[in-house]
Amino acid sequence: MTILDKIITKKRLEVEQAKALVAVADLESTPLFERACFSLSDSVRNQGKNGIIAEFKRASPSKGIINNHSSVAEVVTGYQEAGVSAVSVLTDPDFFKGSLADLVAAREALQIPLLRKEFIIDEYQIVEAKAHGADIILLIAAVLDPAEVKALSEFAKSLGLNVLLEVHNQEELGCSMVDSVDAIGVNNRNLNDFKVSLDHSLELVDLIPSRFIKVSESGISDPNTIRQLRNAGFQGFLIGENFMKTTAPSKAIKEFVSQL
Ligand SMILES: O=C(O)c1ccccc1NCC(=O)[C@H](O)[C@H](O)COP(=O)(O)O
């Protein structure tokens, strides 16, 4: 069983448990569910922002514990002050040590788009995302079939959310481009063996139609890489570990951005 299979098997259980605890109607009656979402596209195209989607990431299957000392509010406030276009918060508890409480804490600190970084397999998680302050949801082509990508992205759009679709290769890209997706992220990390290569982004960028925001994800640790990716046609850059592994992620991002 691959790590991705393990994550999805656990996720199915987690979603059924959540459904038994909190009804959809209760999620839909929260104040956060009512709010209008920030637009990812507007934020990425805003010249005053740098295109970075900075991630709050405590742990990962590839690295184990990355940061168990920083608070969500302090880190994401620093990210926002550094001019990022959006913030990503991992909410998976078992493999990434995240939570929906982290998402709410980030929402309370931010006035820019917020991504719920999660392994979404069910509409319930999309309602949960909106009810806990997300503006953007992630759909991962490697764990969904094209019909699921279409149905889940259309459902998210019906709630006013932005949709980021993650692909890793040409086959996933070809199968999953639908109009209900706003942004396509090329994950440089193979989610089965964790190998990271920027070549995935560079090989796929020209195959992504210009109507989608183009995001390069994972393994970015050098301002020169942002320049290279920008020149290749990317507008968004998802970065987690590079900031989170430091003693002060809110300072590390400012130092990084000063070199752009
Ligand atoms: O990060 C992992 O080890 C991982 C393993 C399996 C599935 C997903 C995984 N990461 C999720 C992400 O997409 C990254 O957190 C995100 O792209 C940021 O990557 P990085 O800058 O390398 O922390």
Against the condition in contact (Cβ under 8 Å) with a residue 60 or more places away in the chain and more than 13 Å from the ligand (Cβ to nearest atom), how does ILE112 come out, does it pass?
yes
Give me the pairs, please: first residue somewhere in the range 44-69 and within 21 Å of PHE237 (Cβ to Cβ), second residue anywhere and surrounded by fewer than 13 Cβ atoms within 10 Å (Cβ to Cβ), beta-carbon distance under 8 Å, and either six or more positions apart or on two chains.
ARG58/ILE65; ARG58/ASN68
Please pick out the residue among ASP122, ASP135 that is touching a Cys at 6+ places or on another chain (Cβ under 8 Å) and touching a residue at least 40 places away in the same chain (Cβ under 8 Å).
ASP135
Across the range 215-229, what is the number of residues that are more than 11 Å from the ligand (Cβ to nearest atom) and surrounded by fewer than 17 Cβ atoms within 10 Å (Cβ to Cβ)?
5
Conditions (1) of a type outside the set (Gly, Ala, Ser); (2) within 16 Å of the ligand (Cβ to nearest atom); (3) assigned to a helix (DSSP H, G or I); (4) without any contact (Cβ under 8 Å) to a residue 24 or more places away in the chain: number failed by GLN17:
(2)
Leading residue by the ranking (nearest to the ligand (Cβ to nearest atom)) among those in the range 184-213 that are among the basic types (Lys, Arg) and over 17 Å from LYS117 (Cα atoms):
LYS195
The correct count of residues that are under 18 Å from ILE226 (Cβ atoms) and part of a loop (DSSP other than H, G, I, E, B) in the range 47-80 is 5
With respect to SER62, determine if the residue is within 14 Å of the ligand (Cβ to nearest atom), within 20 Å of the chain's Cα centre (by Cα), modelled with pLDDT under 95 and under 27 Å from VAL257 (Cβ atoms).
yes
Just checking: which of the helices (runs of 4 or more DSSP H) contained wholly in the range 191-260 hold 3 or more residues that are charged (D, E, K, R)?
249-258
Take the range 159-185 and flag every residue that is in contact with an Asp or Glu (Cβ under 6 Å, 6 or more places away or on another chain), of a type in the set (Gly, Ala, Ser) and assigned to a strand (DSSP E or B).
GLY185
Quick check: is even one residue across the range 236-251 touching a residue at least 60 places away in the same chain (Cβ under 8 Å), β-branched (Val, Ile, Thr) and within 11 Å of the ligand (Cβ to nearest atom)?
yes
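The values are calculated or read from the model by the stated rules, or taken from the named source; none is laboratory data. The model shown is predicted, which means the values in this text are computed figures rather than measured ones. Quick reminder, even Gly has a Cβ in these numbers, built from the backbone with ideal geometry, and neighbours come from all protein chains shown.
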